[in-house]
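A short write-up of the structure that comes next.
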Amino acid sequence: MADDTTDTKSSNQMWGGRFASGPDAIMEEINASIGFDKKLFAQDIRGSIAHATMLAHQGIISTDDKDKIVHGLNTILSEIESGNFEFSRQLEDIHMNVEARLATLIGPAAGRLHTARSRNDQVALDFRLWVKEELQKTEQMLTGLIAAFLDRAEEHAESVMPGFTHLQTAQPVTFGHHCMAYVEMFGRDRSRVRHAIEHLDESPIGAAALAGTGYPIDRHMTAKALGFREPTRNSIDTVSDRDFAIEFLSIAAIAGMHLSRLAEEIVIWSTPQFGFVRLSDAFSTGSSIMPQKKNPDAAELVRAKTGRINGSLVALLTIMKGLPLAYSKDMQEDKEQVFDAAESLELAIAAMTGMVRDMTVNTARMKAAAGSGYSTATDLADWLVREAGLPFRDAHHVTGRAVALAESKGCDLAELPLSDLQAIHAEITDKVYDVLTVEASVASRKSFGGTAPSEVRRQIAFWRARN
């Protein structure tokens, strides 16, 4: 999308005077953006209708011209939506394609539409509207993903599984508690989306090329008509700003990272070695040569999408980092990054929501694994602090000796005879066995935000109330 100094009605005219011969094939190839910015057609037409309506209201154009413009723009919208609009590469971008068609439909009145605006504020408006709508869609999709996790968490509030650090068994938790960790993650993503909508909720139209306009326009009127909170407050920043696009990509990258972590866990959990979950054929594929294979391809592809989203963020940051104020043609390269990331994020959230609802949880396998790796060792140490009065560091040492003994005997802590435990520390009684089961361990973690089923249900209720 070009600086407004090149605006006219046709390809050669747009270059004017010294460029009357028009661009050569290479220039046309690098300059045209219609191949991707046609995605902004609805926003472009919506913005033009609001602009024309305001111009007429302010007496800058006649009501008759406004009516012709609005009718023509609605006709073009119908043509595009029905697939009957022919986009021209020679007209460079969505703005000039719409304006050229408008001139064909209504004649000279079309030329009045561009009064008091530039393609610089026009593209800023179109793109900002598109990103705002995409953020609203992302908010809805994240709400759906959170709801899916809340349902699984409620279903498995008491289902015991191993909790991990360093991917090593650490302490028993519940699968419901693990699901709620992702509710927190995606809840933060949704909060970032909402804040981003608030940040960008300002209308750029009326900033013109970079200095505003001498026409008596009403920017508050167009802002209200387009659903923005208010107009932007500095015309130079308005046409220079792509923070809203970068913020969208930042949010997408963080959400993508969360989705990728979840995808990695699903990949691991669905292996025969873990066997914690099973995905249906709807989210799996087979092998072309190994008939026994069932591959979690949907999760793997979600994991891969994150790389594309991250690349888009880095690309746009790099595009913008050295640009002087105000508009530079470099900024034409902003849209493909955002469009691609939005498509990747939408697909990843949809796929993950489907997998969360689809997967079968093997609670027996999880429970068996929860007791491995001496996962109740911390419970033994805590018991020694509570019941025997040991300082925690001493209790930690005693527990370490008990783990070493159990390991040497090839048994769990709960399987050590009381005599062996008392040989390590005389004040250990048979009551210690009450805390060495995974169920007892989980039930004891009643601190706020802990893994006890009662606490998991408390957090589910909190999130259901705010979701």
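The values are calculated or read from the model by the stated rules, or taken from the named source; none is laboratory data. Treat the numbers as computed from the prediction; the structure is a model and nothing was measured. With ideal geometry, Cβ positions are generated from the backbone for all residues, glycine too; neighbour counts draw on all protein chains shown. With ligands, DNA and RNA removed, areas are computed over all heavy atoms of the protein, side chains included. Shrake-Rupley method; radii C 1.70, N 1.55, O 1.52, S 1.80 Å.
Of the residues Leu380, Leu345, only one is part of a helix (DSSP H, G or I), within 24 Å of Arg401 (Cα to Cα) and of a type in the set (A, V, I, L, M, F, W, C); which?
Exactly one residue qualifies, and that residue is Leu380.
Six or more apart or on different chains, Cβ atoms under 7 Å: show the pairs whose first residue is in the range 331-344 and aromatic (Phe, Trp, Tyr) and whose second is open to solvent by 10 Å² or more (accessible area, probe 1.4 Å) and part of a helix (DSSP H, G or I).
Phe339/Phe36; Phe339/Lys39
Being in contact (Cβ under 8 Å) with a residue 60 or more places away in the chain and surrounded by 22 or more Cβ atoms within 10 Å (Cβ to Cβ) is the filter here; which residues of the range 184-195 pass it?
Phe186, Asp189
If Thr360 satisfies every condition in (1) modelled with pLDDT of 90 or more; (2) within 30 Å of Leu279 (Cα to Cα); (3) not assigned by the TED database to the domain that holds Pro172 but one, which is the exception?
(3)
Could you say which residue among Ala207, Ala170 is in contact (Cβ under 8 Å) with a residue 12 or more places away in the chain and surrounded by 21 or more Cβ atoms within 10 Å (Cβ to Cβ)?
Ala207
Please tell me if Asp434 is of a type in the set (Asp, Glu), closer than 30 Å to Met180 by Cβ and without any contact (Cβ under 8 Å) to a residue 12 or more places away in the chain.
The answer is yes for Asp434.
For the range 354-407, give me each residue that is aromatic (Phe, Trp, Tyr) and either free of Cβ contacts under 8 Å to residues at least 12 places away in the same chain or open to solvent by less than 40 Å² (accessible area, probe 1.4 Å) (or both).
Residues satisfying the conditions are Trp383, Phe392.
Quick check on my filter: what residues within the range 340-353 are open to solvent by 20 Å² or more (accessible area, probe 1.4 Å) and of a type outside the set (A, V, I, L, M, F, W, C)?
Asp340, Glu343, Glu346, Thr353 - these are the residues of the range 340-353 that are open to solvent by 20 Å² or more (accessible area, probe 1.4 Å) and of a type outside the set (A, V, I, L, M, F, W, C).
Which of the residues belonging to the range 177-202 are of a type in the set (Gly, Ala, Ser) and in contact with an Asp or Glu (Cβ under 7 Å, 6 or more places away or on another chain)?
Correct list: Ala196 only.
If the requirement is being within 51 Å of the chain's Cα centre (by Cα) and within 17 Å of Val385 (Cβ to Cβ), which of these qualifies: Leu436, Leu421?
Unique residue meeting the criteria: Leu436.
Within the range 216-234, which residues are among the small types (Gly, Ala, Ser) and open to solvent by less than 30 Å² (accessible area, probe 1.4 Å)?
Of everything in the range 216-234, just one residue is among the small types (Gly, Ala, Ser) and open to solvent by less than 30 Å² (accessible area, probe 1.4 Å), namely Ala223.
Name the pairs whose Cβ atoms lie under 8 Å apart, with the first residue in the range 55-75 and closer than 17 Å to Ile205 by Cα, the second open to solvent by less than 40 Å² (accessible area, probe 1.4 Å) and among the charged types (D, E, K, R), and 6 or more positions between them or separate chains?
Ala56/Asp65
State whether one or more residues within the range 153-162 are in a helix (DSSP H, G or I), under 25 Å from Ala350 (Cβ atoms), of a type in the set (A, V, I, L, M, F, W, C) and in the same structural domain as Gln337 (by the TED database).
Yes, the range 153-162 contains at least one residue that is in a helix (DSSP H, G or I), under 25 Å from Ala350 (Cβ atoms), of a type in the set (A, V, I, L, M, F, W, C) and in the same structural domain as Gln337 (by the TED database).
Which members of the range 309-339 meet the condition of being buried (at least 17 other Cβ atoms within 10 Å of the Cβ), over 16 Å from the mean Cα position of the chain (by Cα) and of a type in the set (S, T, N, Q)?
Answer for the range 309-339, where residues must be buried (at least 17 other Cβ atoms within 10 Å of the Cβ), over 16 Å from the mean Cα position of the chain (by Cα) and of a type in the set (S, T, N, Q): just Gln332.
Does at least one position in the range 279-294 carry a residue that is of a type in the set (Val, Ile, Thr) and at pLDDT 95 or above?
No.
Among Thr138, Thr63, Thr104, which is open to solvent by less than 70 Å² (accessible area, probe 1.4 Å) and of a type outside the set (Gly, Ala, Ser)?
Of Thr138, Thr63, Thr104, the one residue that is open to solvent by less than 70 Å² (accessible area, probe 1.4 Å) and of a type outside the set (Gly, Ala, Ser) is Thr138.
Taking Thr213, is it open to solvent by 20 Å² or more (accessible area, probe 1.4 Å), within 29 Å of Gln58 (Cβ to Cβ) and among the β-branched types (Val, Ile, Thr)?
It is true that Thr213 is open to solvent by 20 Å² or more (accessible area, probe 1.4 Å), within 29 Å of Gln58 (Cβ to Cβ) and among the β-branched types (Val, Ile, Thr).
In the range 243-275, how many residues are closer than 15 Å to Glu202 by Cα and in contact with a Leu (Cβ under 7 Å, 6 or more places away or on another chain)?
So the answer is 2.
Return the pairs, sorted by first residue and then second, in which the second residue is open to solvent by less than 70 Å² (accessible area, probe 1.4 Å), the first residue lies in the range 410-424 and is free of Cβ contacts under 8 Å to residues at least 12 places away in the same chain, the beta carbons are less than 6 Å apart, and the residues are 6+ apart or on different chains.
As it stands, the answer is Gln422/Ile428, since those pairs meet every condition given.
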